[in-house]
Each structure stands twice: as structure tokens, then as C-alpha cells.
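The values are calculated or read from the model by the stated rules, or taken from the named source; none is laboratory data. Since we're looking at a predicted model, the values are computed, not measured. Counting neighbours? That spans all protein chains shown, and the Cβs are built from the backbone with ideal geometry, glycine included. Note: areas computed on protein heavy atoms with side chains; ligands, DNA, RNA excluded. Shrake-Rupley method; radii C 1.70, N 1.55, O 1.52, S 1.80 Å.
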Amino acid sequence: MRAIRVRELGGPEVLRVENVDDPTPGPGQALVRVEATGVNFIEIYNRKGIYKSPLPYTPGEEGAGTIAALGSGVTDLRVGDRVVSFNLKGSYAELALVDASRLIAVPDEVSTHDAAAVILQGITAHYLVTSLYAVQPGDTCLVHAAAGGVGLLLCQMAKRRNAIVIGTVSTEEKAELAREAGADEVILYTKQDFVAEVARITDGKRVQVVYDSVGATTFEKSLQCLAPRGMMALFGQSSGVVPPFDPLLLLRNGSLFLTRPTIAHYAATRDELVWRAGDVLGSVRDGSLRVRIDRAVPLGEAGEAHRALEERRTTGKVLLVP
Ligand code: NDP
């Protein structure tokens, strides 16, 4: 099969297509013929060595397709079933193995591309608004990178919970997309001081929760946007890793809470995975959650796909089609 192999850490150019042996499913595993795989920032962190992966490796975790083969002991799935997962290790390939208990059936009315595009970012947005901080009607939330993959889904889900949503974005085009996704107010954080803007928009009351995936460039200022006892959800670092900081900053900004979550801990059990995936795919099916696919490009263009994501040229989801 064809697969992307990373043999050294570095820039997008280290993502190269190679021919490798087809994998064989072991007990409890399924082999998935990948029709679309989602590009996520974690693969950029791995490629650069911010998160460690033993070399060489095939990147990717999120994908959808059909079951090509099953290992022993898997009784509830059949070859040919349409499935999706965010635990599809090595999904930048024509075939990938997964623990069968981490697969979700794709509803008939949802396309394979939409399923691949929404499963990781959708479940992320879902846990952020339901569990990490259960958004209440009337809450005000600040969503950074509101026109990004997670951002557009987060705006829609927070709005559906009757929150007031303030988004930040870098351009007017992105501002328009954030508004379409439900943001009540949008701040161009590349031009405006978002702390002052949040204070102005909220009449000085500030917000109950900040969803910050940008990290280095936004973290400290995000703390200043929170109301007393507010929740700082630092869930990514697309601008760089947040340096060590003084916990007294939490006190000075109002006895704040800080958490650095990962999806792995919010969809760890089969029950929690099925609940969140069911909500997300069900909302796509009934049209209440819109999935924006920025581009779907061949596997050989993985490098350019990474470059576009890193250079802030994408809105919504980037897919690779093996
Ligand atoms: P996005 O589509 O949001 O892309 C990143 C966006 O971040 C850019 O489009 C850009 O938006 C903004 N950004 C601001 N500064 C920079 C910078 N210096 N370089 C690059 N981008 C910048 O990506 P995803 O939706 O895929 O992921 C968003 C974040 O969420 C990532 O950090 C990812 O790791 C994290 N994540 C965390 C999960 C978890 O469970 N913890 C799960 C899934 C994702 P703009 O131009 O508007 O500023």
C-alpha cells in the first residue's frame, strides 16, 4: 500500500509517500481502507518533535473508510462497513489498523468525508462545551481561532447552548465564517487588542470561559478576559507552546481555573466515545451541525496541506484522500 513515511523530524518536506507492506489485523483489531484522513495540528507537533513519535512512522490518527479485514474476536463489525475513528494510527495511508472498540459506524446520511472531517474536532468541541465547562444559557464564551476546524464547530455548539459567543480571527474573511457559525461578536486579534475588546463587549463583566487553542501568543491575555472564577481551557498551541508561568496569575485575574485537556481523557471509555460521536454525527445528519471542508487533497500533497494549516491559510477541515 501507499503511505506517508516520516524518517526524520523537520518541515513539511519530510512527509514522503512510500510503498510499504499491507498491515494485518491482530486479535480485536480492524483493518480500515482509508477514504479520507483528517489533518490535525498534532501531526505537525509530532513532525517537529514537540510531541515524540519513534522514527520512522506514518502520521495520522483520524480517518473514515470501509472495513477491509477483521482480526479474531471482533463480532460486531463486518467487512465493508463504513466506519470512522480518531484512533486510526497511521491513517496517512491507504490502509490503517485500529482497535475495533474505537470504531464508530457512519450513519447512512453522513458522507465518509464529512465523518472523517468532524470526528476529532467535533468530539473536541463537544467535550469542551458539555464536560470541561458545561456552557449554560447566558454564559459568555471567548473562542480563539474561531474560523478554524475546532473553532467553527465550537461556535456552533456553544451557540446551540444559548451562550453569547465572542470569536477571535486574523482576517475579515475568517470573521465572516465565524459569524456564520454563530459568533455574536468577532475580534480581529491581529489588529485589535482582544482584552480591551472583550471588556468593551461585555461592559467590563468579561467571560465565563476561554477556549484557547492558540497558546503562546494568546495565553496570558486570555486570563485577563475571564470573569472571577472563570475557566481557562488551554487546549492547543497552534502559535507555540505556552512558557512556564506563575500560578499567582490565576489569583490576580480572579481565582481562575486552568486546565490543559486532551480528547484522549474525554472519550476514553467506549460509552463516552459512543455518546459524543453519536451526538456529533447525529447533528451532522440532521443538519444542525455544519462541517466545513477547506480542502480534500491527494496523499502526495500532505506536505502542502501541513504548510497551509501552519501558515493560517485554512478555514475548517483539511482532508487527505489516499
Ligand atoms: P485550526 O483550523 O484552528 O488552525 C489553527 C488556527 O490557529 C489558524 O487557522 C489560525 O487562525 C490560528 N493561529 C493563531 N496563531 C497562529 C500561528 N502562529 N500559527 C498557526 N496558526 C495560528 O486547527 P485545528 O482546529 O485543527 O486545531 C486547533 C487547535 O486545537 C490546535 O492547537 C490543536 O492542537 C488543538 N486540538 C486539541 C485537541 C485536544 O483535545 N486538546 C483536539 C483537537 C485539536 P487565525 O488565522 O484566525 O488566527
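Can you tell me which of 175, 158 is closer than 26 Å to residue 130 by Cβ, small (Gly, Ala, Ser) and within 25 Å of the chain's Cα centre (by Cα)?
None of the others qualify; the one that does is 158.
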Legend entry - Residue check, residue 109 in a loop (DSSP other than H, G, I, E, B), under 29 Å from residue 275 (Cα atoms), charged (D, E, K, R) and away from the ligand (no atom under 16 Å from the Cβ): yes
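A quick yes/no check of all residues on (1) more than 15 Å from the chain's Cα centre (by Cα); (2) touching a residue at least 24 places away in the same chain (Cβ under 8 Å); (3) within 25 Å of residue 59 (Cβ to Cβ):
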position	(1), (2), (3)
253	yes, yes, no
260	no, yes, yes
266	no, yes, yes
276	no, yes, yes
280	no, yes, yes
297	yes, yes, yes
303	yes, yes, yes
321	yes, yes, yes
Inset, instruction - For segment 4-18, indicate whether the set of residues that are within 16 Å of the ligand (Cβ to nearest atom) and in contact with an Asp or Glu (Cβ under 8 Å, 6 or more places away or on another chain) is non-empty. - result: yes
Inset, instruction - Tell me the strands (runs of 3 or more DSSP E) entirely within segment 249-322 that contain at least 3 residues that are open to solvent by less than 70 Å² (accessible area, probe 1.4 Å) and within 19 Å of residue 128 (Cβ to Cβ). - result: none
Inset, instruction - Could you figure out which of (1) more than 21 Å from residue 254 (Cα to Cα); (2) without any contact (Cβ under 8 Å) to a residue 40 or more places away in the chain; (3) away from the ligand (no atom under 16 Å from the Cβ) isn't true of residue 160? - result: (2)
Legend entry - Test result for residue 92, over 30 Å from residue 184 (Cα atoms), modelled with pLDDT under 95, crowded, with 17+ Cβ neighbours inside 10 Å and not assigned by TED's automatic domain parsing to the domain that holds residue 188: no
Inset, instruction - Answer yes or no as to whether residue 143 is within 15 Å of the ligand (Cβ to nearest atom) and either under 20 Å from the mean Cα position of the chain (by Cα) or among the small types (Gly, Ala, Ser) (or both). - result: yes
Inset, instruction - Please tell me if residue 173 is outside any helix (DSSP H, G or I), open to solvent by 10 Å² or more (accessible area, probe 1.4 Å), more than 9 Å from the ligand (Cβ to nearest atom) and touching a residue at least 12 places away in the same chain (Cβ under 8 Å). - result: no
Inset, instruction - Just need a number here: residues in segment 223-248 that are more than 16 Å from the ligand (Cβ to nearest atom), loosely packed, with under 14 Cβ neighbours inside 10 Å and aliphatic (A, V, I, L, M). - result: 1
Legend entry - In segment 292-307, the residues that are within 15 Å of the ligand (Cβ to nearest atom) and touching a Pro at 6+ places or on another chain (Cβ under 9 Å): 302, 305, 306, 307
Inset, instruction - Would you confirm whether any residue within segment 77-90 is of a type in the set (D, E, K, R) and either in a helix (DSSP H, G or I) or within 14 Å of the ligand (Cβ to nearest atom) (or both)? - result: no
Legend entry - Whichever residue in segment 14-70 is of a type in the set (Lys, Arg) and more than 15 Å from residue 115 (Cα to Cα) and, among such residues, is most open to solvent (accessible area, probe 1.4 Å): 52
